[in-house]
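Colleague: Please read through the structure below; I'll follow up with questions.
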Amino acid sequence: MSALDIEAIRVEVRVLDYERGSSADAAMWREDDADARANLAIEGMALTPADDAL
């Protein structure tokens, strides 16, 4: 298996054209994440601490 060239990946990522999310976007993402985690718990599939760390 070949090693990843992290610096080359950083260069590629930095030239990507993307718009940074606003504070409202970030709040919505956090709320959506909390909802998804609650749904997993309801279904009996709560995240393990290792999954949560990701």
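Colleague: Only residues in segment 1-23 that are on the phi < 0 side of the Ramachandran plot count as the first member; pair them with residues that are not basic (Lys, Arg), Cβ under 8 angstrom, at least 6 apart or cross-chain, and list the lot.
Modeller: What qualifies is GLY21/TRP29.
Colleague: Out of segment 3-30, which residues are over 17 Å from the mean Cα position of the chain (by Cα) and open to solvent by less than 100 Å² (accessible area, probe 1.4 Å)?
Modeller: Answer for segment 3-30, where residues must be over 17 Å from the mean Cα position of the chain (by Cα) and open to solvent by less than 100 Å² (accessible area, probe 1.4 Å): ALA3, ASP5, ILE6, ALA8, ILE9, VAL11.
Colleague: Are any of the residues in segment 31-47 out of contact with any Pro (no Cβ under 8 Å at 6 or more places or on another chain), assigned to a loop (DSSP other than H, G, I, E, B), at pLDDT below 90 and exposed (fewer than 10 other Cβ atoms within 10 Å of the Cβ)?
Modeller: no
Conditions tested, residue by residue: (1) touching a helix residue (DSSP H, G or I) at 6+ places or on another chain (Cβ under 8 Å); (2) of a type outside the set (A, V, I, L, M).
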| site | (1), (2) |
| --- | --- |
| LEU4 | no, no |
| GLU19 | no, yes |
| ASP25 | no, yes |
| ALA34 | no, no |
| GLY44 | no, yes |
| LEU47 | yes, no |
| ASP51 | no, yes |
| LEU54 | no, no |
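The values are calculated or read from the model by the stated rules, or taken from the named source; none is laboratory data. Just so it is clear, the structure is predicted and the values come from calculations on it, not from any experiment. No Cβ is skipped: glycine too gets one built from the backbone with ideal geometry, and neighbour counts run over all protein chains shown. For accessibility, only protein heavy atoms count, side chains too; no ligands or nucleic acids. Shrake-Rupley method; radii C 1.70, N 1.55, O 1.52, S 1.80 Å.
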